[in-house]
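The values are calculated or read from the model by the stated rules, or taken from the named source; none is laboratory data. All of these numbers come straight from a predicted model, not from anything done at the bench. For neighbour counting, all protein chains shown are included, and Cβ atoms are generated from backbone atoms with ideal geometry for every residue, glycine included.
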């Protein structure tokens, strides 16, 4: 079997863009993948164009070899944009291999270690209000989700750390009282705070027993976690912005995090994520895959989580089958807060190329935030 073509599909999904990639073979078997780096999809598509001449004619079954060539073949080690392009291709290659052998990908990773995968939704996002958040959490609890999740609150386009932390503390206690003790709470700081404010937040919410606090600090200097880790008992999660095992190295080896937020669609796909997960296992760190994207990403995360023993929870912004069903008509099955193992080979999804072409990319910029004094701050 040989790779004959690679096509990119930048798709407008109604509220944001997605970037899907299809790898074709001379035996008529195709694989589909999805790339990360939201808001910079065209840059990733450009990277895939550079990869095409390298890939056409290659045996798609040589997944590890192809990964090494793409990561190291341009002399400069791949990071974010390139690894996102690699990730989409890697996921598609695993999809091809599963289809060629007639089995789901999790069977190629050693088989299932669990019968279902618990996941958390996105509740009302980053608003300062408390009542709508509580109502959203109660609604998802009623629907059967076992987790709630929201992010550090902001006032429109203003994010003033002290104000946000004060509101977040109030939100934590209101949500815990409303949903009870059996619902887990995850909270996304989204890299928006500096060390003193993170420590204040973690200490004040400790009594609410959060499952984890995500991305409490910016990712550029992982050494900061060395200071944070001994100063809080709240479980910490980080890594969604990392692009390879090398960027995870220090956080794992020093045991500064409790959950690794690997993004399959940024960190080189299933091939690299599998290595990071194994590394985490040796330090008793669980994986909580970052999955803010579309149904192909969800399917890939599900396959890895089904075959990984040190699994915590999967991010799942919304129930499968509720978005772009014309483009991906077959998606993972959700039931009572869990994703269920697919039985179809490969990723277990279907992709409609013609439908994808009918929803072309739209130029769209991410949100930008500022502080009260007008200075820029992380979104």
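Summary of computed values
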| quantity | calculated |
| --- | --- |
| Number of the exception - residue 165 against (1) farther than 23 Å from residue 337 by Cα; (2) surrounded by fewer than 17 Cβ atoms within 10 Å (Cβ to Cβ); (3) out of contact with any strand residue (DSSP E or B) (no Cβ under 8 Å at 6 or more places or on another chain) | (2) |
| From the options 198, 175, residue that is within 26 Å of residue 262 (Cα to Cα) and either modelled with pLDDT of 95 or more or touching a strand residue (DSSP E or B) at 6+ places or on another chain (Cβ under 7 Å) (or both) | 198 |
| Residues (out of contact with any strand residue (DSSP E or B) (no Cβ under 8 Å at 6 or more places or on another chain), more than 23 Å from residue 181 (Cα to Cα) and modelled with pLDDT under 95) located in segment 110-155 | 127, 155 |
| Subset of segment 12-37 (residues that are closer than 18 Å to residue 355 by Cα, surrounded by fewer than 24 Cβ atoms within 10 Å (Cβ to Cβ) and more than 16 Å from the chain's Cα centre (by Cα)) | 12, 13, 14, 15, 22, 24, 30 |
